[in-house]
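**Student:** Pasting a structure below so you can have a look.
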Amino acid sequence: MIDALVHAMSGVLAWQNLLAMVAGTIGGILVGALPGLTAAMGVAVLLPLTFTMDPLVGLGMMAGVYNGAIYGGSIPAILLRIPGTPAAIATTFDGYPMTQQGRAGQALQVAAVSSAVGGMMSAIALIALAPPLSMVTLAFGPSEMFWVGVFGLTSISVLLGEDTIKGLISAAIGLLIAMVGVDPMTGHERFTFGSINLVSGFNIVVLLIGLYALPPAIMLAEEAVVQGIDRAVLRFSGKTLPVRQLFGLWATWLRSSIIGIIVGILPGAGGNIAAFISYNEEKRTSHDPSSFGKGNPAGVAASECANNADNAAAMIPALTLGVPGSIVAALIMGGLLVQGLQPGPQLFRENPDIVYGFMIQMFLTAAMLFVFGGLVFARFFAQVLRIPRVVLMPMIIALTVIGVYVINNSTFDLYVVFGFGLLGYAMERLNIPLAPATLGLILGDMVESNLRRSLLLSQGDWTIFVSHGVSQIIIAVIVLLLAYQFFWKRARA
């Protein structure tokens, strides 16, 4: 593994890759700083533009957008009490009170350093855990891979959204869409309705762009906010914490990084859950819990470190099992699939420079937050809040249309992206989570193919799904997950 990392480093440090990482990180911070835009939307808009790039250059830019956007959400959260991304909600608890006390500079400094530490720790976990886990998956047969897919669908459907039924409905929508096209086992057409455009099924990247890029644009137009934030509101003190006091937060960073990594590996949990858990744990272990919510820097550190520690960790199951741990991980995984790179052991064996290079890029783009999170840059990034939100809507749609058309030079793809954009918007309005549908799209073929392959190998004997130890362990985890959700909802009722 060390040799592979060293060999990949030479490619990562090429000027094209460094430029892509810097551009992606700056662009990601700008996206995150704009309330209503998310890291998922940023990567979705960027995704089709990377197809003409070298895979490593495109991945470096996406890594920068991913890490940058999660940190960028802290800027409006601290200055205006408006979380730029869902992961920054917990940052408002202590970040905004610090701004009211004239300590906005300190809050932004803590957020930047904590985000960088969390992102780097997460990347180290990715480098350490993904390669050995990919080798473990070599022992997985069709029946085990079937249960891995079911676990991914179950976990993300249950953990996202307060309504389990809506989560399962969303997953079912994704599975239904994944069935369009040619049957992988028999070659018969399914749900094509005689259209030649549907014989190969829907393009996964076009679907993801429609679901995640267009709904935010429609909502921005719906809000019709024609004025940006006043310049005077964005002025803040340049005072920072003393170095000794800043690095006195090391225990918070360590604790929050571990929480963020664990949550990131679990499919569907997301950075917002990691931030809340970390914030509550920090408050619980504090010698002065009453200071939280009143401007305690440890609260900002816990939230920002945890939500960034989720980033690279979410790629661990994506790269090894094909089960993305977050929405952005699903989008990046879709980009890998379009490039002909199949997640799993073969990715580490056949394309080590790309997969190890991407891991290093996740680390380097997180480290860039030390630089771009400085107060000089924070003042610059905060000015993006002066842009009227209604202006962003045509910009997002224009970039989306151009990017989607470039993929296949197909007008049919434009109809698809707008159709699924409206579907995504409707699901958002009905509080039906999008993530289970996304995982259904990605895992649908995997679940179906391994189900039918297992039955063929066993000549129709269904006991093949419960006869192996690995399958039994995964089944037990699924049952525990569903039982936890059931009893947790009963306890809240």
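The values are calculated or read from the model by the stated rules, or taken from the named source; none is laboratory data. Source: prediction; values computed, not measured. Positions of Cβ are backbone-derived with ideal geometry, glycine not excepted, and every protein chain shown enters the neighbour counts. Note: accessible area is taken over every heavy atom of the protein model, side chains too, but ligands, DNA and RNA are not part of it. Shrake-Rupley method; radii C 1.70, N 1.55, O 1.52, S 1.80 Å.
**Student:** Here are the criteria: (1) under 25 Å from Val43 (Cβ atoms); (2) open to solvent by less than 10 Å² (accessible area, probe 1.4 Å); (3) touching a Ser or Thr at 6+ places or on another chain (Cβ under 9 Å). Tell me which single one Asp94 does not satisfy.
**Tutor:** That leaves (1) as the condition not met.
**Student:** Leu241: in a loop (DSSP other than H, G, I, E, B), of a type outside the set (Lys, Arg) and on the phi < 0 side of the Ramachandran plot, yes or no?
**Tutor:** yes
Matching residues to (1) over 30 Å from Val117 (Cβ atoms); (2) in contact with a Gly (Cβ under 8 Å, 6 or more places away or on another chain); (3) modelled with pLDDT of 80 or more:
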{"site": "Leu214", "(1), (2), (3)": "yes, yes, yes"}
{"site": "Val226", "(1), (2), (3)": "yes, no, no"}
{"site": "Ile262", "(1), (2), (3)": "no, no, yes"}
{"site": "Ile265", "(1), (2), (3)": "no, yes, yes"}
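**Student:** Here is a follow-up. Quick one: how many residues across the range 284-303 are more than 12 Å from Met98 (Cα to Cα), of a type outside the set (Ser, Thr, Tyr) and open to solvent by less than 10 Å² (accessible area, probe 1.4 Å)?
**Tutor:** 2
**Student:** In the range 66-107, which residue that is part of a helix (DSSP H, G or I) and free of Cβ contacts under 8 Å to residues at least 40 places away in the same chain is nearest to Gly32 (Cα to Cα)?
**Tutor:** Checked the range 66-107; the qualifying residue nearest to Gly32 (Cα to Cα) is Ala77.
**Student:** Follow-up. Any chance the range 355-369 includes a residue that's open to solvent by less than 10 Å² (accessible area, probe 1.4 Å), closer than 21 Å to Val150 by Cβ, in a helix (DSSP H, G or I) and of a type in the set (Val, Ile, Thr)?
**Tutor:** no
**Student:** Right, here's the next one. Looking for whichever is in contact with a Ser or Thr (Cβ under 7 Å, 6 or more places away or on another chain) and either open to solvent by less than 40 Å² (accessible area, probe 1.4 Å) or hydrophobic (A, V, I, L, M, F, W, C) (or both) here; the options are Ile209, Ile204, Ile218. Which one fits?
**Tutor:** It is Ile209.
**Student:** Now a separate question. What number of residues within the range 162-210 satisfy the criterion of being over 25 Å from the mean Cα position of the chain (by Cα), under 23 Å from Thr411 (Cα atoms) and not aliphatic (A, V, I, L, M)?
**Tutor:** Summing the residues that are over 25 Å from the mean Cα position of the chain (by Cα), under 23 Å from Thr411 (Cα atoms) and not aliphatic (A, V, I, L, M) in the range 162-210 gives 10.
**Student:** Within the range 430-453, how many residues turn out to be assigned to a helix (DSSP H, G or I) and over 17 Å from Met41 (Cα atoms)?
**Tutor:** Adding up the residues that qualify gives 14.
**Student:** What's the number of the only condition in (1) among the aliphatic types (A, V, I, L, M); (2) in contact with an Asp or Glu (Cβ under 7 Å, 6 or more places away or on another chain); (3) open to solvent by 30 Å² or more (accessible area, probe 1.4 Å) that Ala8 fails to meet?
**Tutor:** (3)
**Student:** In addition: For Tyr279, only one of the following conditions fails: (1) at pLDDT below 85; (2) farther than 30 Å from Leu441 by Cα; (3) open to solvent by less than 30 Å² (accessible area, probe 1.4 Å). What is its number?
**Tutor:** So Tyr279 meets the others, but not (1).
**Student:** So which residues in the range 25-56 are modelled with pLDDT of 85 or more, β-branched (Val, Ile, Thr) and under 20 Å from Val404 (Cβ atoms)?
**Tutor:** Scanning the range 25-56 gives Val31, Val43.
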